[in-house]
Amino acid sequence: MIKILATPLIQVPWWRNNRKVGWLLQAAFGLFLLIAIALLLANLERNLARAGMRLTLGWMSQPAGFDIAETLLPYKASDSYGRALLAGLINTLRVVISGLILATGLGVVVGAASFSANPLLRGITRIYVELVRNIPLLLQLVFWYFAVFLSLPPADQALHLPGLQLAKSGIYLFGARLINGELEGGLRLSLELAALLTGLVIYSAAFIAEVVRGGIASVPKGQWEAAESLGLQPIQILRLVVLPQALRVIVPGLNSQYISLAKNSSLAVAIGYPDLYAVAETTLNQTGRGIEVFLLLLLIYLVLNLLISAAMNAVNRLVRLQER
Amino acid sequence: MKRSPLTLQRQLFGSLANSAFTLALFALLVWAGWGVLSWAFGSAQWLVLRANAATLTIGRYPDAQEWRLWLLLGMLTSLAGVSWGRLRGLNNWPLNDRIAALLFVISAVLLPWLLAFGAINQLRLIFLVLLLLLLRQWSGGAWSKAFGKWWALVWGITYVFGLWLIAGGLGLPAVRPSDWGGLVFTLLITSLTLLLALPFGVLLALGRRSGLLLVRWVCVAVIELIRGAPLITLLFVGQNLVGFLSPNGFAPDRVWRATGVLTVFAAAYLAEAVRGGLNSIPMGQQEAARSLGLSSVQTMGLVVLPQALKVALPALGGQCISLLQDTTLLSIVGLFDLLGIARSVLANPDWLGRYAEVYLFLAVLYWCSCAALALGSRALEKRLATNYS
Amino acid sequence: MDYKRGVDYKRSLDCENPISNSHKTPVAFLLAGLILAITGCGGAETSGNGRLDVIKARGSLTCGVDGKLPGFSYQDNAGKYAGIDVDICRALAAALFNNPNKVEYRDLTPSERFAALASGEVDVLSRNTTRTLSRDAKGGNGLEFAPTIFFDGQGVMVPIASGITNLKGLAGKTICVENGTTTELNLADRFRELGVAYTPLKYQSGDQTFGAYLQGRCAAVTSDRSRLAAVKTSFPNPANHIILGDVLSKEPLGPVTVNNDSGISDALRWVIFATMQAEESGINSKNLKEKLAFAKANPNQADLRRFLGVEGDLGSQLGLAVDFVPRVIASVGNYGEIYDRNVGQGSRLKLERGLNRSYKDGGLIYSPPFR
C-alpha cells in the first residue's frame, strides 16, 4: 500500500512543487541580498579609500581633548575617546535609571488614581494622560528647558521651595546656601539634567499610567466586590488584592515603555545634556569616524534594550501566578 | 468597579476626608488655571506668533509661489467637504459632526483675527470654510454616490498633483526641498512617509511570517534592529552615512534621505502592528479561501490581509500619531519641520525668550492634530466593525 | 498547526503547511524587488575618475556651507546665498562653467560637514573650517585644505555687566560653545593651561548656543572672533556685550576637499590664489576689461598675460579653461572686493582687514607666482 503511494499518481511539474519553488526563491533572494550587501560594502570600501580612511577602533585610545559639562565618571579633557564615550554612557544610564524609577512611581499613582471614587481626580488624570500623550516629546523637552528652566531667576534671587532652590545655575536639593552670589552646598542638578528628567518622566508616566490602568481594569470586578465585602479599604483593596493580579498584565506593558524611555533619553542632545549620543556626536566631529561611532551607538542601545527586557522578564517570572 | 449609584455630590463630598481632598484639588486647579490665564493675557507677548504666522505655516517657501499652496488647500478642502458629506450620508456613521462644523467656523473667523492675517487671506480662509461646509451639505446625495469607487482615485490623483504643486518642475518654477518648511512640510512628510511605510510594513510583516527561512530571518533582523535603535541614531545614519554606501557618494537631498529613514522606521513599527492583526486571523480563513481555488496571492490580498488590517487598525492609528510626533526629530538634524522652523524663528534675537508663546502654540497645534487623528481612527474602527448579529 | 493529513494527500498536493506556502511567492519577489530598488544602480561609476570630472559631467558644483552665518554664508532676504565662503564656491563654479550660479548649496552642521565631504555628498566644503594638522592628515580626518581665506582667532564674549575682563575671570563659570568645533578643543586647552575650572555647555547649533547665552544660562560664549562680531550686530543691545581681548587660538579658516584627489584640490587652490594675486596686481572686477585689453595689446607684459590666460596654458594644466582667472574676477572680484563686500567696510560687520591684508600691507594674504 505505502509502496504504491510513494510514487506520485500524477507527475507534478517542478514549478508547481511548492517546496522546490520555495528553495529556488530563497536562493534567488539570498543571491540578491548577497549582491546588494556586496555592492554596498564595495561602495563603502571605495568611498573610504578615496577619503583615505580605514575602519578601525584605534582612535578610541587617543586623547579626546574636549571637556564634558557634567560626568559621574571622573573625566578630563586629556582622557581617551573611549573614556569620554563611557562617561556619556554613564550619563545616559543616570537619566534612564532615575527616569525609570520616577516615571514608574508617577505612572502607578496616576494609573491607580484613575480608579478613584472622586470624579474630579479621575478627570484630572484623564486630562493629564490625554494632554501629554498627544504632544511630541521633543516639543515638551524644549519647552521645559528653554521656556521654563532657562527663565529661572539668577542665583541671588533663587526661588525657594521647601528643601529645593531653583535658579539659573541649577536646581539645588537639600539646603544650598548663597555664598558670594553663588549657591553652594546641597545636591545640585544641572538645568539640562533637570529639564530632561522632568520631560521624560512626565511623558513616560502618562504611558505607564495607561498600562497600569489597563492592568487594573483586567482584574475581574468580582475581586473588588469580594474584597470590599470583606471590609477592606479602597487603598487596601488596591494594594493587597488588585495590584498583585494586575501586575501580570502590567509588567509586559511596562517592558516596552521602559525601552521607549531608554531610547527617548537620546533626545538629550537637543537641550545640551551630554548623554551618550551627544558625546558620540562630538566624537564623530573630532575624529570623522562616522561608521564606527554609529555601529558603537547601535550596539550599546541594543544591549541596553536587551538588559531592560531581561530584567523585566525576571520580574515577570516573579509576579507570575504560581500554580501548584 | 461597580458601586451603588451615588450622586455627584456624594462622590465629591462623601466624607470629611474626601471633601477636603476635593477642595484641595479644586484649589490647585483654580490656581493653575489662574496662573496660565494671567500669563496668557498679562505677560505673554503674542506678537511673535502674529509676525511669524506665515513662516510657521510655509517656512521659506517663495512668496511668488504661495498661490500654489492656496490652490492645493482649496482642492483639499473641496475634496474633504465632499468626502465628509459622503461619510455623513452613510447610514451608520458613528460621529456627530455638528461640533466639528462649528469649530471650523469659529477657527476661520478667530484665527485670522488672532494672528493678524491680511484681509485677503482672511477672506480666502472664510471662503474655504464656506466651501467645505456647503460641499458637506450637498454631497450626501445621489450625484456623489455615482462616483462610488472612483473616489479614492480622485484623492490619489489630487495627492500626486499636490506634490507637483509643492515641488514644481514640469512647467512650474521648481521649489527646492530645502525651501519647504513649517506646517506644510510636517504634513507633507508625515503623509508621504505613511503612504510609503504602510506597504513596506505589510511586506515586512508577511516576510516575518513567511515559511522561507531566509526571508523570515532577514525581516526579523530588519524589524528588531530598527526598533532597537533610537530614531535619532537612524536619522544620523541618513544624514551622515548614506553617502558612504552609495557610488561616488551620490546622495539625494537631505529631505529625501530623512523621509527614507522615517519610512523604514515607521515600517518596522507598522509591521509589528500588522503582524498582530495577521496572528488574529484563524487558520480556517486561509484554508477555506485556498479550497475555493484562490491562489496564494488572492488568499492573502482578498481574504486574510483585509481582515488582519481591520484588527490592526487601533494599533495602526496609534502608529500614525507616533509618526506625526516623531517628525519633530527632523529639527535635530537641521530640517525645517514645524518645530525646526519654530526654533529658527526663536533664534532671531528679535524674538529672544519668546519660547513659551511659540512652543505652547505648537503644542496646541500638535495636540489638535493628534487628537483629530485618534478620533478619526476610532470612528473608522467603529464604521468597519463587523456586526454579525 | 499539525493537521495530521494522510500521506497520500500530502504527496499529491504538496501543501503540508498552508501558512508557509500561501504567500511565499509574492513576498519573496517583492522583497527582492525592494532590495534592488533601495540599492539602485549600486556601484555604477568606475573609480579613478577625479572628482573634477564628476563635477564637469554633472554640470554643477555641490558646495557645503554653514548657511546661517552672516558674512560667511547665509541666505539673504531674497533667499540667495551670500558671504565669503559662498563667493569661493561661486568663483570655482565660474572657473569651471563660466557661470558662478552653477552651484548647489547644502547647509551643513559642524557635526555633519566632514562626513558629507568624505562620502562625496559635497564636492567642496566651504564652511569656515579651521585648518589643523589632524584634520589635514591621512591618519586623522584625511582632508585637503585650500589656502586660508580668513585668518581668525577664537574669542570670548561676555555681558559687560558681568564685570569679567579676562579668561581668569571665568573661573567656575559656565561657557556656551557649539558642539563639534575646534572651538571646544581650544577652550579645553586654554583653561587646562590656566588651571582654571569651568563648565562647557554644548549645543548642536549656533542658534541654540547664542540663544542660551542671551538667556543668561552661561556667563560667556566662545567662538571665532569674526563670528562673535557678526552675531553681536544682531543682538537687541550690542553695546551690552564685549569681546574679551584674549585670543584663545589661531583660527585659519578655509575651504576643504578630500584627500587623494589633487585635481579638485589644485583647481580650488589656484582659484583662490587667483583672487589674491588679482588684488596684488591691482586687478578688480571693474577694471578687468581694461587690464585684459592692455595685456592683449602689450606682448611684453608676460606676467599679466600668463595670469589672465592671454598667453600660455596655466589654466589647462589645472584642468580648467585657459582664461579661468578673468572668469573668476569677473564674477566675484578680487580678494579685497570679496572681503569688503561680505565682512569688511561694505558690510554690516565692518571687520578690519587685520591679518587678512595683502602681504604688501603687512598682512598674511600672499599668492605664489602664476607661472
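The values are calculated or read from the model by the stated rules, or taken from the named source; none is laboratory data. If you're wondering where the values come from, they're calculated on a predicted model, not measured in any experiment. FYI the Cβ positions are ideal-geometry reconstructions off the backbone, even for glycines, and counts take in every protein chain you see.
The figures follow:
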item	result
Pair list, Cβ < 7 Å and 6+ apart or interchain, from the range C:228-249 residues that are within 15 Å of C:L351 (Cα to Cα) to residues that are part of a loop (DSSP other than H, G, I, E, B) and not hydrophobic (A, V, I, L, M, F, W, C)	C:A230/C:P70; C:A230/C:G71; C:T233/C:R348
Every residue from the range B:38-56 that is aliphatic (A, V, I, L, M) and either touching a residue at least 40 places away in the same chain (Cβ under 8 Å) or more than 13 Å from B:L360 (Cβ to Cβ) (or both)	B:A44, B:L47, B:V48, B:L49, B:A51, B:A53, B:A54, B:L56
Matching option when the condition is closer than 16 Å to C:P255 by Cβ, touching a residue at least 60 places away in the same chain (Cβ under 8 Å) and either surrounded by 24 or more Cβ atoms within 10 Å (Cβ to Cβ) or within 14 Å of chain B (Cβ to nearest Cβ) (or both), among C:V103, C:V124	C:V124
Near pairs, Cβ below 6 angstrom, 6+ apart or cross-chain, from the range C:177-200 (touching a residue at least 60 places away in the same chain (Cβ under 8 Å) and within 10 Å of another protein chain (Cβ to nearest Cβ)) to any residue that is surrounded by 21 or more Cβ atoms within 10 Å (Cβ to Cβ) and among the charged types (D, E, K, R)	C:N179/C:K202
Meets criteria (without any contact (Cβ under 8 Å) to a residue 12 or more places away in the chain and surrounded by fewer than 19 Cβ atoms within 10 Å (Cβ to Cβ)) for C:N284	no
Any hit, the range B:168-188, residues being part of a helix (DSSP H, G or I), touching a residue at least 12 places away in the same chain (Cβ under 8 Å), within 11 Å of chain C (Cβ to nearest Cβ) and under 27 Å from A:L304 (Cα atoms)	no
Qualifying positions in the range A:271-302 - within 12 Å of chain C (Cβ to nearest Cβ), within 16 Å of the chain's Cα centre (by Cα) and either part of a helix (DSSP H, G or I) or over 28 Å from B:L339 (Cβ atoms) (or both)	A:Y277, A:A278
Answer from A:G82, A:G65 - the residue that is closer than 26 Å to A:L284 by Cα and either assigned to a loop (DSSP other than H, G, I, E, B) or of a type in the set (D, E, K, R) (or both)	A:G65
Candidates B:A20, B:A44, B:A24, B:A64 - the one that is surrounded by 13 or more Cβ atoms within 10 Å (Cβ to Cβ) and of a type outside the set (D, E)	B:A44
Single residue of C:D152, C:D189 found to be of a type in the set (D, E, K, R), within 22 Å of C:F114 (Cα to Cα) and modelled with pLDDT of 90 or more	C:D152
Residues located in the range C:335-355, provided they are modelled with pLDDT under 95 and under 29 Å from C:S262 (Cβ atoms)	C:N342, C:L355
Complete set of residues in the range A:59-88 that are among the hydroxyl-bearing types (S, T, Y) and crowded, with 19+ Cβ neighbours inside 10 Å	A:T71, A:Y75, A:Y81
All helices (runs of 4 or more DSSP H) inside the range C:174-259 with 2 or more residues being among the hydrophobic types (A, V, I, L, M, F, W, C) and out of contact with any Cys (no Cβ under 8 Å at 6 or more places or on another chain)	C:182-194, C:225-232
B:E381 vs. criteria of a type in the set (D, E, K, R), part of a helix (DSSP H, G or I) and away from every other protein chain (no Cβ under 11 Å)	yes
Residues of the range A:121-140 classified as farther than 21 Å from B:G318 by Cα, of a type outside the set (K, R) and either surrounded by fewer than 18 Cβ atoms within 10 Å (Cβ to Cβ) or at pLDDT 95 or above (or both), total	1
Residue in the range A:188-209 that is outside any helix (DSSP H, G or I), in contact (Cβ under 8 Å) with a residue 24 or more places away in the chain and more than 11 Å from every other protein chain (Cβ to nearest Cβ) present	no
Single match in B:G207, B:G238, B:G211 (criterion: part of a loop (DSSP other than H, G, I, E, B) and at pLDDT below 95)	B:G211
Candidates B:E224, B:E287, B:E272 - the one that is at the interface with another protein chain (Cβ under 8 Å from one of its Cβ atoms), assigned to a helix (DSSP H, G or I) and either of a type in the set (D, E, K, R) or more than 23 Å from A:F29 (Cβ to Cβ) (or both)	B:E287
Residue match in the range B:340-357 (condition: surrounded by 20 or more Cβ atoms within 10 Å (Cβ to Cβ), more than 10 Å from chain C (Cβ to nearest Cβ) and among the basic types (K, R))	yes
Test: A:A42 is surrounded by fewer than 16 Cβ atoms within 10 Å (Cβ to Cβ) and within 7 Å of another protein chain (Cβ to nearest Cβ)	yes
C:V177 buried (at least 21 other Cβ atoms within 10 Å of the Cβ), at pLDDT 90 or above and assigned by TED's automatic domain parsing to the domain that holds C:F235	yes
Condition check for A:L73: assigned by TED's automatic domain parsing to the domain that holds A:S265 and either in contact (Cβ under 8 Å) with a residue 12 or more places away in the chain or assigned to a loop (DSSP other than H, G, I, E, B) (or both)	no
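Matching residues to (1) crowded, with 19+ Cβ neighbours inside 10 Å; (2) within 14 Å of chain B (Cβ to nearest Cβ); (3) among the hydrophobic types (A, V, I, L, M, F, W, C); (4) over 30 Å from C:R327 (Cα atoms):
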site: C:S205; (1), (2), (3), (4): yes, yes, no, yes
site: C:Y213; (1), (2), (3), (4): yes, yes, no, yes
site: C:A229; (1), (2), (3), (4): yes, no, yes, yes
site: C:N240; (1), (2), (3), (4): no, yes, no, yes
site: C:I243; (1), (2), (3), (4): no, no, yes, yes
site: C:L253; (1), (2), (3), (4): yes, no, yes, no
